[in-house]
Amino acid sequence: MPLAPHHRWALAGAVLTSAVALTDAVSHGLTGGFSPFSEESDLTLLVVAGTVVHGLAYVAFSLVLVAEAGRFSATNRVARGSRWVVLASLAVLATGFLTVAPVATVRDAYDGVAYTVFGIMAGLGFAGLLLGSLVMGVALLRTDALGVGARVLALLLPALGATVLLAWLTPLWAHPAYLETLTYVGLALLGVGAGSLRHATRATVASPASAA
């Protein structure tokens with residue numbers, strides 16, 4: 001299926017950020033430590049590259065949500081509301097990962113006030129991103145208005161259960177990377193393979209209950 005430019009950029013960002021996250025998950029599972037991309041690493045250039053890649057990917061995911069706004073108008077209120085939650089979370093994360101994080105890494109200023117504030121904001125942004133995407137995926141289960149991406153986001157619910165189970169059975173392998181990967185790929189593919197916007201809008205108008 002053909003991909004629009006915003007989908008291609010976002011998918012590239014999803015692949016790169018997921019690779020970083022999964023590398024960290026495997027490193028932690030095998031050794032109990034973290035990957036060269038984590039802040040604990042001495043490889044400053046790799047750490048900075050990882051933060052910048054994440055920041056740019058968050059911008060790309062935001063562009064997808066903006067470009068596909070028309071499709072969200074054909075969905076229910078929960079899906080539309082979760083879109084705004086995810087957009088706000090991406091804005092916070094993109095700003096932090098493209099400004100504070102690289103500077104703090106180069107200066108080794110992880111104990112500064114700016115980095116502490118960034119840590120709090122990033123934590124809230126990350127939680128909003130994952131939870132908002134999970135709610136979005138579930139809310140879009142009964143419509144094809146957002147295509148493949150919505151189906152990928154719907155997998156976040158069982159993946160969350162599997163991650164909790166891993167935390168109980170083998171804590172070293174419990175890692176948010178699995179949820180991150182589904183989130184990034186799902187957001188990047190929102191609108192890909194969807195039915196026509198006109199058809200989706202007609203279906204919503206014909207079924208007012210679906211917009212409740």
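Yes or no, residue by residue, for (1) closer than 20 Å to residue 185 by Cβ; (2) modelled with pLDDT under 95:
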site: 50; (1), (2): yes, yes
site: 57; (1), (2): yes, no
site: 60; (1), (2): yes, no
site: 63; (1), (2): yes, no
site: 81; (1), (2): no, no
site: 87; (1), (2): yes, no
site: 97; (1), (2): yes, yes
site: 119; (1), (2): no, yes
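Tell me, which residue of segment 128-156 that is over 14 Å from the mean Cα position of the chain (by Cα) and among the hydrophobic types (A, V, I, L, M, F, W, C) is surrounded by the fewest Cβ atoms within 10 Å (Cβ to Cβ)? Checked segment 128-156; the qualifying residue surrounded by the fewest Cβ atoms within 10 Å (Cβ to Cβ) is 141.
Taking segment 47-73, which residues are touching a Ser or Thr at 6+ places or on another chain (Cβ under 6 Å) and either within 18 Å of residue 153 (Cα to Cα) or among the aromatic types (Phe, Trp, Tyr) (or both)? The one that is touching a Ser or Thr at 6+ places or on another chain (Cβ under 6 Å) and either within 18 Å of residue 153 (Cα to Cα) or among the aromatic types (Phe, Trp, Tyr) (or both): 57. Considering segment 180-199, the residues that are modelled with pLDDT under 85 and under 15 Å from residue 151 (Cβ atoms) include one that is surrounded by the most Cβ atoms within 10 Å (Cβ to Cβ), namely 194. Cβ-Cβ distances below 8 Å connect the following pairs, each with a first residue in segment 144-165 that is within 12 Å of residue 130 (Cα to Cα) and part of a helix (DSSP H, G or I), a second residue that is of a type in the set (S, T, N, Q) and modelled with pLDDT of 95 or more, and a separation of six or more residues or different chains: 153/133; 153/183; 156/133; 156/183.
The values are calculated or read from the model by the stated rules, or taken from the named source; none is laboratory data. Fair warning: this is a prediction, and the values are worked out from it, not measured in the lab. Cβ atoms come from the backbone with ideal geometry, glycine included; neighbour counts cover every protein chain shown.
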